[in-house]
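Peer 1: Before anything else, here's the structure in question.
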Amino acid sequence: LAMFEITATLPCSESEVPYSSTCLPADQSYLTAYRFLQANLPSWDVTNAATLGFHNRSGLNVDGLDEGVATLGINISLATKQSKPWAYNVPEDIYNEYVVTYAHVNEARNNWRPFLTKAADQIFEANPLASLVTVSDVVSLLNNNLWQTGVLGNKITFQSSQTPLIYDPMSTIVFGYASCTGVSILFADALRAAGIPARIAGTPAWNSNPANGNHNWVEVYDHETQDWHFIEAAPAGGGESLANPCDKWFCTPARMENGTRVLATKWQFDTAGTVYPMAWDLANKEVPGVERTEYYQQVCSSC
């Protein structure tokens with residue numbers, strides 16, 4: 001296996017899940033994640049709650065199958081947290097919000113977690129000499145080996161103007177292409193499958209002018225610095241690093257002029273009810289958001 005040099009500060013037993021300062025029973029961790037997801041379902045997922053795996057626990061299965069993409073995802077996510085050193089010290093609230101969750105916006109719900117977990121593990125196994133000392137190392141290894149190696153069963157390229165036709169992860173894989181939203185969601189899901197907190201970020205309009213276009217990319221949480229950093233999926237922006245904001249083509253003073261607004265996605269609404277504006281569905285107010293404008297205005301205006 002690759003050299004997993006990130007080590008846990010607090011080892012846990014096989015029946016426990018490691019978090020930043022404690023080991024919690026696996027069944028308790030599952031229930032906490034289950035309740036968090038269920039309590040914050042958007043309306044379209046409420047309708048399909050049972051299909052996603054959220055059942056009233058009567059002791060009866062539905063046609064013998066009571067697992068759904070959400071609940072299977074919880075189990076796989078917790079197993080990943082037990083096995084990946086860089087996931088050990090991620091706090092429970094961050095992990096549930098940005099790893100366990102099964103979707104970012106209103107993309108089609110599908111069973112990407114086991115597929116992408118296997119793909120990520122294949123990348124680690126194929127690169128036994130990779131030194132994975134930091135979260136940035138893991139992100140770079142995945143971004144450099146996800147798209148053109150065939151590990152997904154198809155090679156993925158960037159093709160503009162595909163959202164909302166192609167932007168859920170499995171459609172992107174099947175078609176072999178997507179625009180910025182689709183490749184960003186696929187990359188963020190691959191990072192989540194590897195136990196790394198990730199979310200979609202973007203602007204609905206450069207310079208507050210829809211005629212100037214929109215864009216989406218990926219933000220990654222580093223538990224060591226407790227900061228969010230940003231990067232594009234390689235098909236949308238090759239040669240970028242997680243550490244340097246100024247190596248992204250869009251992080252410039254010109255792109256931030258006239259009050260360009262930037263937000264990131266999340267699963268649970270904050271107290272202000274911040275909404276993530278989806279450029280393909282601006283009237284939709286059901287996707288929670290995180291205001292990131294001040295950060296990007298400050299960082300990118302210095303590039």
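The values are calculated or read from the model by the stated rules, or taken from the named source; none is laboratory data. Note that this is a predicted model, so its numbers are computed, not measured. All Cβ positions, glycine included, derive from the backbone under ideal geometry; neighbour counts span all protein chains shown. Surface accessibility is based on the protein's heavy atoms, side chains included, excluding ligands, DNA and RNA. Shrake-Rupley method; radii C 1.70, N 1.55, O 1.52, S 1.80 Å.
Peer 1: Among the residues of the range 213-228, count how many are surrounded by 15 or more Cβ atoms within 10 Å (Cβ to Cβ) and polar (S, T, N, Q).
Peer 2: 2
Peer 1: For the structure I just gave you, tell me whether Arg192 is among the basic types (Lys, Arg) and assigned to a helix (DSSP H, G or I).
Peer 2: On the way: among the basic types (Lys, Arg): yes; assigned to a helix (DSSP H, G or I): yes.
Considered against the rule, which asks whether it is among the basic types (Lys, Arg) and assigned to a helix (DSSP H, G or I), Arg192 comes out as yes.
Peer 1: Report, by residue number, each residue of the range 126-151 that is in a helix (DSSP H, G or I), in contact with a Leu (Cβ under 7 Å, 6 or more places away or on another chain) and either modelled with pLDDT under 95 or open to solvent by less than 10 Å² (accessible area, probe 1.4 Å) (or both).
Peer 2: Answer for the range 126-151, where residues must be in a helix (DSSP H, G or I), in contact with a Leu (Cβ under 7 Å, 6 or more places away or on another chain) and either modelled with pLDDT under 95 or open to solvent by less than 10 Å² (accessible area, probe 1.4 Å) (or both): Val138, Val139, Leu142.
Peer 1: Then there's this: Kindly indicate whether Thr265 is open to solvent by less than 30 Å² (accessible area, probe 1.4 Å), closer than 21 Å to Pro91 by Cα and polar (S, T, N, Q). Can you show your working first?
Peer 2: Details: open to solvent by less than 30 Å² (accessible area, probe 1.4 Å): yes; closer than 21 Å to Pro91 by Cα: yes; polar (S, T, N, Q): yes.
Considered against the rule, which asks whether it is open to solvent by less than 30 Å² (accessible area, probe 1.4 Å), closer than 21 Å to Pro91 by Cα and polar (S, T, N, Q), Thr265 comes out as yes.
Peer 1: Keeping to the range 208-227, report how many residues are outside any loop (DSSP other than H, G, I, E, B) and touching a helix residue (DSSP H, G or I) at 6+ places or on another chain (Cβ under 8 Å). Spell out the reasoning first.
Peer 2: Narrowing the range 208-227 to residues outside any loop (DSSP other than H, G, I, E, B): 208, 210-212, 215-222, 227.
From what is left, the residues that are touching a helix residue (DSSP H, G or I) at 6+ places or on another chain (Cβ under 8 Å) are 212, 215-218, 220-222.
Qualifying residue count for the region: 8.
Peer 1: Can you pull out the residues in the range 82-99 that are aromatic (Phe, Trp, Tyr), within 19 Å of Pro288 (Cβ to Cβ) and open to solvent by 10 Å² or more (accessible area, probe 1.4 Å)? Spell out the reasoning first.
Peer 2: Of all residues in the range 82-99, those aromatic (Phe, Trp, Tyr) come to 86, 88, 95, 98.
Then keep just the ones that are within 19 Å of Pro288 (Cβ to Cβ); that gives 95, 98.
Within the range 82-99, just Tyr98 meets the criteria.
Peer 1: Continuing with this model, one more query. Check the range 107-117 and report whether any residue there is among the aliphatic types (A, V, I, L, M) and part of a helix (DSSP H, G or I).
Peer 2: Of the residues in the range 107-117, the ones among the aliphatic types (A, V, I, L, M) are 108, 116.
Restricting the remaining residues to those that are part of a helix (DSSP H, G or I) gives 116.
Yes, the range 107-117 has at least one match.
Peer 1: Starting from residues that are in contact (Cβ under 8 Å) with a residue 24 or more places away in the chain and of a type in the set (Val, Ile, Thr), keep the ones in the range 246-303 and report whichever is nearest to Trp44 (Cα to Cα).
Peer 2: By that ranking, first place goes to Val287.
Peer 1: Another question, then. Name the residue, out of Ser241, Ser208, that is open to solvent by 10 Å² or more (accessible area, probe 1.4 Å), touching a Gly at 6+ places or on another chain (Cβ under 7 Å) and touching a residue at least 12 places away in the same chain (Cβ under 8 Å). Before the answer, list the steps.
Peer 2: On the way: Ser241 fails: touching a Gly at 6+ places or on another chain (Cβ under 7 Å).
Being open to solvent by 10 Å² or more (accessible area, probe 1.4 Å), touching a Gly at 6+ places or on another chain (Cβ under 7 Å) and touching a residue at least 12 places away in the same chain (Cβ under 8 Å) holds for just one of Ser241, Ser208, which is Ser208.
Peer 1: Next question, about the same structure. Out of the residues in the range 256-298 that are among the charged types (D, E, K, R) and part of a loop (DSSP other than H, G, I, E, B), state the one that is nearest to the chain's Cα centre (by Cα).
Peer 2: Our first condition is that a residue be among the charged types (D, E, K, R); within the range 256-298, this holds for 257, 261, 266, 270, 281, 285-286, 291-292, 294.
Still in the running and part of a loop (DSSP other than H, G, I, E, B): 257, 261, 266, 270, 281, 285-286, 292.
On the way: Glu257: 28, Arg261: 21, Lys266: 10, Asp270: 18, Asp281: 20, Lys285: 20, Glu286: 18, Arg292: 16 Å.
For the range 256-298, the residue satisfying everything is Lys266.
Peer 1: Oh, and also: Could you grab me the full set of residues in the range 171-185 that are of a type outside the set (A, V, I, L, M, F, W, C) and out of contact with any Ser or Thr (no Cβ under 9 Å at 6 or more places or on another chain)? Outline the logic, then answer.
Peer 2: Of all residues in the range 171-185, those of a type outside the set (A, V, I, L, M, F, W, C) come to 171-172, 176-177, 179, 181-182, 184.
Residues satisfying the conditions are Ser171, Thr172, Ser184.
Peer 1: Within the set of pairs 6+ apart or on separate chains, which have a first residue in the range 151-173 that is closer than 19 Å to Val69 by Cβ and among the small types (Gly, Ala, Ser), a second that is open to solvent by 50 Å² or more (accessible area, probe 1.4 Å) and part of a loop (DSSP other than H, G, I, E, B), and C-beta atoms under 9 Å apart?
Peer 2: Matching pairs, first to second residue: Ser171/Ala108; Ser171/Leu165.
Peer 1: Looking at Ile74, Ile94, which one is out of contact with any helix residue (DSSP H, G or I) (no Cβ under 8 Å at 6 or more places or on another chain) and touching a residue at least 24 places away in the same chain (Cβ under 8 Å)? Steps first, please.
Peer 2: Values: Ile74 fails: out of contact with any helix residue (DSSP H, G or I) (no Cβ under 8 Å at 6 or more places or on another chain).
Sole residue among the options that is out of contact with any helix residue (DSSP H, G or I) (no Cβ under 8 Å at 6 or more places or on another chain) and touching a residue at least 24 places away in the same chain (Cβ under 8 Å): Ile94.
Peer 1: Take Ala233 and decide whether it is surrounded by 15 or more Cβ atoms within 10 Å (Cβ to Cβ), modelled with pLDDT of 95 or more, under 26 Å from Thr163 (Cα atoms) and among the small types (Gly, Ala, Ser). Give the steps one after another, and end with the answer.
Peer 2: On the way: surrounded by 15 or more Cβ atoms within 10 Å (Cβ to Cβ): yes; modelled with pLDDT of 95 or more: yes; under 26 Å from Thr163 (Cα atoms): yes; among the small types (Gly, Ala, Ser): yes.
So Ala233 fits the description; yes.
Peer 1: Restricting the search to the range 268-292, which residues are open to solvent by less than 30 Å² (accessible area, probe 1.4 Å) and farther than 18 Å from Tyr167 by Cα?
Peer 2: Scanning the range 268-292 gives Thr274, Pro288, Gly289.
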